[in-house]
Every structure is written in C-alpha cells, then in structure tokens.
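For reference, the structure discussed in these notes is given below.
The values are calculated or read from the model by the stated rules, or taken from the named source; none is laboratory data. As the structure is a prediction and not an experimental result, all values here were calculated from the model. Cβ placement follows ideal geometry from the backbone for every residue including glycine, while neighbour counts extend to all protein chains displayed.
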Amino acid sequence: MNSPAAPHSATSASAKAATAGEFLTFTLGQEEYGVDILKVQEIRGYDAVTRLPDAPDYIKGVINLRGTIVPVIDMRVKFRLEAKVDALTVMIVLNVADRVVGMVVDSVSDVVQLTAEQIRAMPEVGTGIDRRFLTGIGALDERMLILLDIEGLMTSTEMGLVVDNAAAQAA
C-alpha cells in the first residue's frame, strides 16, 4: 500500500497531514470545515450551558450529558469570529484523548468521503494564521473544506481541557 506523499518540508512538523477517510463537515461563518468522523460521538441541538467562572471566552461552560460533565467550546469565538447562536447552531460531541468535549458550530453540513487525491497540503500563507491544527484542504467538487486536527486542537495546552500528567504531578 502506498502512503500519500509527505507535505512539503516548510509545513509545521507538529501538524498532522489529513489522510483519506470520512469527515463530518460543518460551517463557521462563511467557511466549511471537516473533522474525522471517528472522533464524533454525536450531534445535538444547542442547549444552554452552565457558565464557569474565570473560564476563557471560548469555553462556553459545561453540560451534563447522561451523567458526564462535558466542557463546551464555542468554535466561532475560538476562531475569532463574532459569537452568535441561532436556530441552526448545533453542538458536535467529540471523543478526543479519552475525553468527551462539546464543540458549538453554526451548522452541520454532511459526512463526506475524501480520497488521498482530494486532500491537499495547507498552502503557505502569512504568519497571522495558526496552522498547527489545520491538516489540509479537502477539494470536493466546488467545495473547499478546511480539515482540522480536532484531537490536537482540543488536547493542546492553550485549550486547557486536558491536564498534562507531568504538570499535574508537579502541582
């Protein structure tokens, strides 16, 4: 089995290249994104959340999901878009690094199958874009999907959702 060509060397070593597979697509503002369908536990309508004091603005709060307390991330705020909730707003419940996390997005589009040939490396663009959690661009007919390393993003230290074992032991 041939593996797809590695992204060109100027790409950040910490970013994982997207591989062929199924992606759940969703919208934030005018852009369409995709995450590995295997990371998705369920899709729910948006419900009110319990706000946590002193939480970063992108952490909307927590919900009780069948007895599990789940942190909820507002992806519009995380990606520096204006916060808004409307009738189409949904929550994608993810399973990342043995942790359940809710992700609020504008709407869910569909599940698409992408082949290795349909996935392109992230283009080199200015320094204003954090590419660490972008794994590629999915080209599907006229659609361009921004593919996210959702596990990398949700488990990053800047998100603060997963405690680093070494840091926890030092505390």
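Structure notes:
- Residue pairs whose Cβ atoms lie under 8 Å apart, separated by 6 or more positions or on different chains, with the first residue in region 107-129 and more than 12 Å from A139 (Cβ to Cβ) and among the acidic types (D, E) and the second assigned to a helix (DSSP H, G or I) and at pLDDT 80 or above, do not occur.
- Candidates V100, V105, V72, filtered to the one that is touching a helix residue (DSSP H, G or I) at 6+ places or on another chain (Cβ under 6 Å) and either under 15 Å from M154 (Cβ atoms) or among the basic types (K, R) (or both): V105
- If you check Y46, Y33, Y58 for being surrounded by 13 or more Cβ atoms within 10 Å (Cβ to Cβ), out of contact with any helix residue (DSSP H, G or I) (no Cβ under 6 Å at 6 or more places or on another chain), at pLDDT below 95 and hydroxyl-bearing (S, T, Y), only one passes: Y46.
- Candidates V108, V112, V93, V101 - the one that is at pLDDT 95 or above, under 12 Å from the mean Cα position of the chain (by Cα), within 14 Å of L24 (Cα to Cα) and not aromatic (F, W, Y): V93
- In region 29-49, the residues that are free of Cβ contacts under 8 Å to residues at least 60 places away in the same chain and either under 22 Å from T19 (Cα atoms) or in a strand (DSSP E or B) (or both): L38, V40, Q41, E42, R44, G45
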